[in-house]
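Shown next, in structure tokens, is the structure this report addresses.
Coordinate-derived values only; no laboratory data. Every value quoted in this text rests on a predicted model; they were computed, and no experiment measured them. In this analysis, Cβ positions are derived from the backbone assuming ideal geometry, glycine residues included, and neighbour counts consider all displayed protein chains.
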Amino acid sequence: MLPQSGTMDPNALWSWSFLLWRSRSLEMRVSWLVGVVVLFQAVEFLRGGHPWLVPCALAIFPISMLLHALAHIGMARLVGGSCDLCVLSVINEIAALQVPMNAAKHLVVALIGPLVSLVLWLASDLALHFVQNGTGATLLGVVERTNFYLCFLNLFACSMFDGARMWRAVLWPLVGLARAIRATNWLAYGSAGLFLVLGAWAQDWLLFMIGVFCMIATISEHRSIRLGFDPVLQIEPEYFINRRRPDSWWSRWQARRRVRAQERIEHQEAMEQETLDRLLAKVSVHGLPALSEAERGVLQAISRKQRQRQESTVP
């Protein structure tokens, strides 16, 4: 997942992590929760009668998560952002990403992780058509399933997933940033509710627990947004106060309509004034009888319109 926070409480149980490596530009850590997933995969191999594949359980999920996370970090740096801390976790990663405030840049940073997982999923699925039995098929099946979940779940709008940033970036040019943040938060409530209902209906407790964690994260996100701070984009409250919110496409379209309508009115008034000046010049030279019935009707209509406009402007 993309950043919820650039700092983590080292005393909190859920934030415990272990150092993988540290370089001048990036510190990579792994959460103890990844170990839980690895343990379940090891048990799956043991129960399936493949004890020699247990070491593979130590690699498949962490490597899939690492590629997912490195894609986000690399794209963030490519678009002019930065990242100095990343913690691999379950389904997502907590990364202290700093991305320039641009909808397109946030969108590509959010999309690249699920895209990498999608490529790994499709590649392993394609390989399964050629390797249908044996150890290779078992390993490919785990790789396929792991990256399917990484790709699919990270499309949802919950702040635990990449979709939180993704949907903000999609809605931002359409309705403005502040509304996009609020709309995505409500989409997150819908996503959490969907996980809870499907999990309970199918008696899939893993899916149900994902829904529980999504709901908790969404409630926390909602409270933070109401205080003027977005924990996904890491926008300070002053940003909403000091920064002019970009106009949505609907506002821009309405503004263009008003401008065109005003131009049509001004053009019509100019044509009417030109006709009025011509008729009055004819009257001043030849007198009122010189006007035809049609010209008298036009003169009266223009005079009536001008009186109505003058009356409408009088307070």
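At-a-glance table
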{"quantity": "Rule-of-thumb Rg ratio for the chain [Cα; 2.2 N^0.38 Å; N residues]", "calculated": "1.61"}
{"quantity": "Acute angle (nearest 10 degrees) that the helix 177-202 long axis makes with the longest principal axis of the chain, alpha-carbon atoms", "calculated": "40 degrees"}
{"quantity": "Cysteines (scope the chain) whose Cβ has no counterpart Cys Cβ under 4.7 Å", "calculated": "C56, C83, C86, C151"}
{"quantity": "Which of I265, G113, A290, positive extreme of dipole for the chain (C-beta unit charges)", "calculated": "A290"}
{"quantity": "E27 long-range amide H proximity, modeled H, under 5 Å", "calculated": "L85, C86"}
{"quantity": "Cβ-Cβ FRET estimate between S284 and R256, R0 fixed at 45 Å, reported to 0.05", "calculated": "0.60"}
{"quantity": "Helix axis angle, 163-175 relative to the chain longest principal axis, alpha carbon, degrees", "calculated": "0 degrees"}
{"quantity": "222 nm mean residue ellipticity, helices alone, for the chain (DSSP H n ≥ 4; -39,500 (n - 2.57); rounded to 500)", "calculated": "-23000 deg cm²/dmol"}
{"quantity": "The chain: angle of helix 103-128 to the longest principal axis, Cα-based, in degrees nearest 10", "calculated": "40 degrees"}
{"quantity": "Sorted peptide list for 66-72, 40-46, 267-273, criterion being average Cβ within 10 angstrom, highest first", "calculated": "66-72, 40-46, 267-273"}
{"quantity": "Only Lys, Arg (+1) and Asp, Glu (-1) charged, at Cβ; the chain dipole about Cα centre in debye", "calculated": "860 debye"}
